[in-house]
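Enquirer: Have a look at this one before I ask anything.
The values are calculated or read from the model by the stated rules, or taken from the named source; none is laboratory data. Quantities reported herein were computed from a predicted structural model and do not represent experimental measurements. Heads up, the Cβs are rebuilt from the backbone with ideal geometry, glycines too, and the neighbour counts pull from every protein chain shown.
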Amino acid sequence: MDIFYSEKGLTFENFIKYPKISIEENSFTFITGKSGCGKSSYLKMLNFTALPSDGKIYFCGKDLTELSPIDYRRQVMLAPQQVFLTEGNIRDNFDFYYGMREKEPLSNVEIAEALKVCCADFPLTADCSLLSGGERQRVFLSIFVSCMPKVLLLDEPTAALDEKTSNELFTSLKKYCREHSITVVCVCHNLELAEKYGDSIIRLGE
Amino acid sequence: MKDIVELQIWQFALIYLLLILVIIIMKKCRINQTKLLIMASVKMTVQLVLSGFILTYIFEHPHPLFVVAYLVIMLSFSIHRVISTNKGLNRKFKIVIGASMTFSGLFVLVFFICAVVGENIFNPQYVIPISGMIIGNTMTGVSLGVKTFRESLEGQKAKINALLCFGAKPEKILFPFVKQSLETAMLPTINSMIGMGIVSLPGMMTGQILSGTLPTTAILYQIAIMIAICTVVTAASFGSLYFGYKTLYNHKTQII
């Protein structure tokens, strides 16, 4: 069954036009294409943080704009490309994000599990400002993964990672999301990775 | 107590000689702002002379309409200043700022004149100088608060975006910025209260003492005006920011 569906003619800012797109539930789907072809904008529209200027997106058969944005966004989460971590250690960051959603803080075991899924096996007391760019990106990602959304939208999650770590991350993430029935839509400019890990690939701007 | 010494024009003109000292220092340090200094001095002189004549006229022919007109001009000018120093605000935000400054300013003014001093709200001798202090300080406070708010939003785009995508409510994301900016707007007034009477004898009190008011009366006025200023700065900044930040997102909770 399609979890996302949009007809040809979906438009962003009266400028970027999309082909017909359907994304299957529980799949690991990649979106590729040149920069400026509207990959990130498409994820934002799926996340309901941006609205199409023309056309509609259907989520499980329902018009997305008729759903409650906050409830929807908590099921369909977007981990943006630009990482944001607050001051303090990893535990503080999980608590900060969970507090912002008025959620109970996670236990140490739960945090450690989420970190492991994202290949970020660091102690919870590690100061985030001392981590490298790639390490921060994985910690950031693990916060989103730990929420166990229905859909996880990832914008260039491997931008700051080397090839080996990228492979490890996708292997682990794909396994985890399959086990927990999480649909993943991932924007990635690396076609090789997309072909290796994607159940399907959407090529934009062609 | 003796009444104040009337300034003779030729005596008064001596004060401008001090500006020569300022110009010498500027030349010595190669600060090329002599033009600005002269322009500022001329502007100040002309504006104050004009307002001196206008006030003299209003005091001799007191009429509610003059007071109202004076208040309207003062308020519009201060609102215009706040909005023009904070470019890029949306239309609703500007309206919120204008309304907050007007309501808080008028409320504190009426309370001060009618309840505390016990004078008629249309008595220009009280209303004009006191509203000047109240509205002037409102302008500085709100301007500082809105500027801080705008700049911190600008500098924290990654944070706001990440939290929004994470599913946090816009009000939950933006409120910490409101709190921080309100604090920034309030602090200068509160700090100036701390040093008052020790480091500085404030302007209003000095003026009253010079014109022959007993220092004990002058301090009562000074304390009252400080509390009024503190209140109006807090209320106007709170109103502007608290109702203003809600104009930054729409009903679909996109932050704009």
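Enquirer: Condition first: within 14 Å of another protein chain (Cβ to nearest Cβ), free of Cβ contacts under 8 Å to residues at least 60 places away in the same chain and surrounded by fewer than 19 Cβ atoms within 10 Å (Cβ to Cβ). Can you find one or more residues in region B:229-245 that meet it? Break it down stepwise before answering.
Expert: Here is the first cut: in region B:229-245, the residues within 14 Å of another protein chain (Cβ to nearest Cβ) are none.
Among the residues of region B:229-245, not one is within 14 Å of another protein chain (Cβ to nearest Cβ), free of Cβ contacts under 8 Å to residues at least 60 places away in the same chain and surrounded by fewer than 19 Cβ atoms within 10 Å (Cβ to Cβ), which makes the answer no.
Enquirer: Please report, ordered by residue number, the helices (runs of 4 or more DSSP H) entirely within region B:1-85 with at least 3 residues that are among the small types (G, A, S).
Expert: B:34-60, B:64-85
Enquirer: Can you report the number of residues in region B:152-172 which are facing another protein chain (nearest Cβ under 7 Å) and not in a helix (DSSP H, G or I)?
Expert: Residues that pass the stated criteria total 3.
Enquirer: Something else now. Is there any pair with a first residue in region B:198-213 that is more than 18 Å from B:A228 (Cβ to Cβ) and a second that is of a type outside the set (F, W, Y) and surrounded by 14 or more Cβ atoms within 10 Å (Cβ to Cβ) whose Cβ atoms are under 7 Å apart and which are 6 or more apart or on different chains, and what are they?
Expert: Final answer for the pair search is B:I209/B:A218.
Enquirer: May I ask you to verify whether B:L144 is in a helix (DSSP H, G or I) and more than 10 Å from chain A (Cβ to nearest Cβ)?
Expert: yes
Enquirer: Exactly one of (1) part of a helix (DSSP H, G or I); (2) loosely packed, with under 13 Cβ neighbours inside 10 Å is unmet by B:V108. Its number?
Expert: With respect to (1) part of a helix (DSSP H, G or I); (2) loosely packed, with under 13 Cβ neighbours inside 10 Å, B:V108 is out only on (2).
Enquirer: What are the pairs, 6+ residues apart or on separate chains, where a residue within region B:107-125 that is at pLDDT 90 or above has its Cβ under 7 Å from a residue that is acidic (D, E) and surrounded by 14 or more Cβ atoms within 10 Å (Cβ to Cβ)?
Expert: B:I113/B:E119
Enquirer: Does region B:80-87 contain any residue that is without any contact (Cβ under 8 Å) to a residue 60 or more places away in the chain and under 13 Å from the mean Cα position of the chain (by Cα)? Give the derivation first.
Expert: Going residue by residue through region B:80-87, those that are without any contact (Cβ under 8 Å) to a residue 60 or more places away in the chain are B:80, B:83-84, B:87.
Then drop every residue that is not under 13 Å from the mean Cα position of the chain (by Cα), which leaves B:80.
Within region B:80-87, one or more residues are without any contact (Cβ under 8 Å) to a residue 60 or more places away in the chain and under 13 Å from the mean Cα position of the chain (by Cα).
For every residue, the table says whether it meets (1) surrounded by 16 or more Cβ atoms within 10 Å (Cβ to Cβ); (2) touching a strand residue (DSSP E or B) at 6+ places or on another chain (Cβ under 8 Å); (3) aromatic (F, W, Y); (4) not assigned by TED's automatic domain parsing to the domain that holds B:G52.
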| site | (1), (2), (3), (4) |
| --- | --- |
| B:I97 | yes, no, no, yes |
| B:S100 | yes, no, no, yes |
| B:N137 | yes, no, no, yes |
| B:P170 | yes, yes, no, yes |
| B:P176 | no, no, no, yes |
| B:L182 | yes, no, no, yes |
| B:I190 | no, no, no, yes |
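Enquirer: Quick check on A:L51: is it without any contact (Cβ under 8 Å) to a residue 24 or more places away in the chain, farther than 22 Å from A:H189 by Cβ and within 19 Å of the chain's Cα centre (by Cα)?
Expert: Yes.
Enquirer: Does B:S41 count as of a type in the set (G, A, S) and either free of Cβ contacts under 8 Å to residues at least 12 places away in the same chain or assigned by TED's automatic domain parsing to the domain that holds B:L241 (or both)? Reasoning before the result, please.
Expert: Working: of a type in the set (G, A, S): yes; either free of Cβ contacts under 8 Å to residues at least 12 places away in the same chain or assigned by TED's automatic domain parsing to the domain that holds B:L241 (or both): no.
For B:S41, the condition - of a type in the set (G, A, S) and either free of Cβ contacts under 8 Å to residues at least 12 places away in the same chain or assigned by TED's automatic domain parsing to the domain that holds B:L241 (or both) - is not met.
Enquirer: Scan region A:75-90 for residues that are out of contact with any Pro (no Cβ under 7 Å at 6 or more places or on another chain) and at the interface with chain B (Cβ under 10 Å from one of its Cβ atoms) and jot them down.
Expert: Passing the criteria: A:L78, A:P80, A:Q81, A:Q82, A:V83, A:F84, A:L85, A:T86.
Enquirer: What residue, among those in region A:41-78 that are among the β-branched types (V, I, T) and not in a strand (DSSP E or B), is surrounded by the most Cβ atoms within 10 Å (Cβ to Cβ)?
Expert: The residue in question is A:T49.
Enquirer: Looking at A:R74 and the list (1) more than 21 Å from A:P157 (Cα to Cα); (2) touching a Phe, Trp or Tyr at 6+ places or on another chain (Cβ under 9 Å), which single condition is not satisfied?
Expert: (1) is the only condition that A:R74 fails.
Enquirer: Here's a follow-up. Yes or no: region B:89-98 includes at least one residue that is under 30 Å from B:N123 (Cβ atoms), at pLDDT 95 or above and not in a loop (DSSP other than H, G, I, E, B).
Expert: Step one: list which residues in region B:89-98 are under 30 Å from B:N123 (Cβ atoms), which gives B:97-98.
With the extra rule that they be at pLDDT 95 or above, the set shrinks to B:97-98.
Keeping just the survivors that are not in a loop (DSSP other than H, G, I, E, B) gives B:97-98.
Taking every residue of region B:89-98 in turn, at least one turns out to be under 30 Å from B:N123 (Cβ atoms), at pLDDT 95 or above and not in a loop (DSSP other than H, G, I, E, B).
Enquirer: crowded, with 21+ Cβ neighbours inside 10 Å and farther than 16 Å from B:L164 by Cβ - does that describe any residue in region A:119-129?
Expert: The answer is yes, given that some residue of region A:119-129 is crowded, with 21+ Cβ neighbours inside 10 Å and farther than 16 Å from B:L164 by Cβ.
Enquirer: Still on this model: Of everything in region A:43-60, what is under 11 Å from A:V151 (Cβ atoms) and more than 11 Å from chain B (Cβ to nearest Cβ)? Give them in sequence order.
Expert: Residues satisfying the conditions are A:F59, A:C60.
Enquirer: Out of everything in region A:160-206 that is hydrophobic (A, V, I, L, M, F, W, C) and surrounded by fewer than 17 Cβ atoms within 10 Å (Cβ to Cβ), what residue ends up being farthest from the chain's Cα centre (by Cα)?
Expert: If we take residues in region A:160-206 being hydrophobic (A, V, I, L, M, F, W, C) and surrounded by fewer than 17 Cβ atoms within 10 Å (Cβ to Cβ), then A:L191 is farthest from the chain's Cα centre (by Cα).
Enquirer: Does any residue of region A:120-138 turn out to be closer than 23 Å to A:E24 by Cα, under 17 Å from the mean Cα position of the chain (by Cα) and either in contact (Cβ under 8 Å) with a residue 40 or more places away in the chain or part of a loop (DSSP other than H, G, I, E, B) (or both)? Walk me through it before giving the result.
Expert: Our first condition is that a residue be closer than 23 Å to A:E24 by Cα; within region A:120-138, this holds for none.
Checked against the condition, which is being closer than 23 Å to A:E24 by Cα, under 17 Å from the mean Cα position of the chain (by Cα) and either in contact (Cβ under 8 Å) with a residue 40 or more places away in the chain or part of a loop (DSSP other than H, G, I, E, B) (or both), region A:120-138 yields no hits at all.
Enquirer: For region B:101-128, enumerate the residues that are over 14 Å from B:A228 (Cβ atoms) and out of contact with any Phe, Trp or Tyr (no Cβ under 7 Å at 6 or more places or on another chain).
Expert: Correct list: B:M101, B:T102, B:F103, B:G118, B:N120, B:I121, B:F122, B:N123.
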